[in-house]
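Throughout, read-outs are computed from the coordinates displayed, never taken from laboratory work. As the structure is a computational prediction, the values presented were derived from the model and not from experiment. Every residue, glycine among them, receives a Cβ derived from its backbone with ideal geometry; neighbour counts consider all protein chains shown.
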Amino acid sequence: MSVPYVLAPMATLSHRALRELLEDFGGCDLYFSEMIGTAPFLNGGRLESYYSDPLPRPDRLIYQIVGGDAAQLAKVAALLNGWDAAGIDVNMGCSAPEIVKTGAGVRWMANEDAARSMIAGVRKVVKKRLSVKLRLGADEDFERLVRFCRMLQDEGVETLTLHPRTATEKLRRSARWDYVGRLRVELSIPVVGNGDIDSVASLLSRALGPCDGVMVGRAAVQMPWIFAAAREKTTGIRTLPAELDLEAIAFRFLDLLAKYQPPEFHDTRSRRFFFYFCDNLKWAHHVKTLINRETELGAVGAVLRSHFAQNKEERFIRPLPS
């Protein structure tokens, strides 16, 4: 049996519109939501409902929560536990400065006692599957990482996702996937790997390695068919056409964005999506620049329609390049 394929939690990307688009191609095994900030969620902001929309597959949706206050994390976890979803994940891996300075994300890894207390509080109120996404920590101290993860395991965490970079690394160094396999040997709970999946080939390669699942982020935005293509390679059962219509996929996303996201989100979500999706095009930088000038979905659509009209050879792509 193949390991699960998982969509990563990505700000402005892992929302319902993207999940609906992925479902067009058969979807993946688990979807992570965008990070749900505890303070905004508890304050009941009007836009928070879009972050916590579990559709189209609540049975495969993992809510990821982020915050630096243990009591708030437990309170949000208790609320989401009553909603229709597969599980709840605590973010201990985000290294964005605005997150870390609040004591959230990877900052939790700097204080094992505080993290233990926080997870114990969350575990008390969560009856669904509880998971944690984390990094290597401040450095590559594997013994400390194992100790920290065993603590999480002892406190009732059921799955870990490891992004094998340190707290201060962005993409300057490759993700060290050997840590995923090494950590898996030390624990009795599943360990999912995350980082540097950029093609169908790299997804399949990692899925064959020592891990219990592979999490994909930006590549699933550039290639919403990546999971379906990987399944085809694995099973030999064809579900995708020989060529995909990039223009049709782009307009399908714009329609989904208009349907499932509020107008306040349209410009940021469309720009972010096409920042990656346009990498399928020869003139990617030019198209991205034009899209970034627009704030209305209709204008974004006009840019895309014009590009494909002038560059007909770029409209179709093979989902399984040889």
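Summary table
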| item | result |
| --- | --- |
| Radius of gyration and maximum dimension Dmax of segment 244-317, Cα, Å | 11.4, 34 |
| Exposed-site-free run, longest, the chain (rule: chymotrypsin sites (Phe, Trp or Tyr not before Pro); DSSP loop; at most 15 other C-beta within 10 Å) | 84-282 |
| Globularity ratio of the chain, using Cα Rg and 2.2 N^0.38 Å | 0.99 |
| Where trypsin sites (Lys or Arg not before Pro) fall in DSSP loop in segment 124-228, at most 15 other Cβ within 10 Å | 127, 170, 172, 173 |
| Beta bridges per DSSP with both ends in the chain, % antiparallel, nearest 5 | 5 |
| Coil-residue trypsin sites (Lys or Arg not before Pro) of segment 70-108, DSSP, other Cβ within 10 Å capped at 13 | 101 |
| Efficiency of FRET from Cβ geometry, residue 29 and residue 83, R₀ 25 Å, rounded to 0.05 | 0.80 |
| Hull shadow area, averaged, segment 173-233 [alpha-carbon convex hull, nm²] | 4.2 |
| Residue 259 paired with residue 49, simple spin-label distance in nm, labels 7 Å along Cα-to-beta-carbon | 1.8 |
| Residue 151 paired with residue 268, simple spin-label distance in nm, labels 7 Å along Cα-to-beta-carbon | 3.2 |
| Model label zone, residue 234; criterion: amide N under 20 Å from point 7 Å along Cα-to-beta-carbon; scope segment 183-198 | 184-185, 189-198 |
| Residues in segment 251-275 reached by a label modelled at residue 286 [backbone nitrogen below 18 Å; 7 Å Cα→Cβ] | 275 |
| Mean-position separation - Cα centroids, segment 8-55 and segment 205-280, in angstrom | 15 |
| With Cα atoms, 0 to 90° folded angle of helix 246-260 axis to the chain main axis | 50 |
